[in-house]
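Shown next, in structure tokens, is the structure this report addresses.
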């Protein structure tokens, strides 16, 4: 199969895999609520690590909601997050970070899901770095096609 044909197949499959509920306003509201609940759980030391896992498990359909809700500067109770390293060039199986604020952890999860990076704040950062990172993610959301949201993740 030619490269362009493979690309079309990939885009078509990704388009079918993207749940229809995220393509409508009610579906987006529902996903926003699910993500908001998990963010709230991130703020409890007893449920924080499970909330990280559950948020990642929502996968690509959650990316728009995570981006919409990511500018959250509340401090995390336990500044640790571990994510499976999915890169073929990975030299370690798990990536470990020390996010200080919710926005830092969400940036790491978004990178995990999409393969995109708009600022390395996974171990914390300045207010200016966080603002630039959030702006980068919002621009990505505004300009990316559905099939591009998780194309590299």
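The values are calculated or read from the model by the stated rules, or taken from the named source; none is laboratory data. Here the structure is a predicted model, which means the values were calculated and not measured. Cβ sites come from the backbone with ideal geometry, for glycine too, and all protein chains shown count toward neighbours.
A few comments on the model shown:
- Each residue in segment 76-93 was checked for being part of a loop (DSSP other than H, G, I, E, B), under 13 Å from residue 111 (Cα atoms) and touching a strand residue (DSSP E or B) at 6+ places or on another chain (Cβ under 8 Å), and 1 of them qualify.
- Any hit, segment 61-71, residues being part of a loop (DSSP other than H, G, I, E, B), more than 30 Å from residue 128 (Cβ to Cβ), in contact with a helix residue (DSSP H, G or I) (Cβ under 7 Å, 6 or more places away or on another chain) and at pLDDT 95 or above: no
- Residues in segment 103-124 include at least one that is under 24 Å from residue 77 (Cα atoms), touching a residue at least 60 places away in the same chain (Cβ under 8 Å), in a helix (DSSP H, G or I) and in contact with a helix residue (DSSP H, G or I) (Cβ under 8 Å, 6 or more places away or on another chain).
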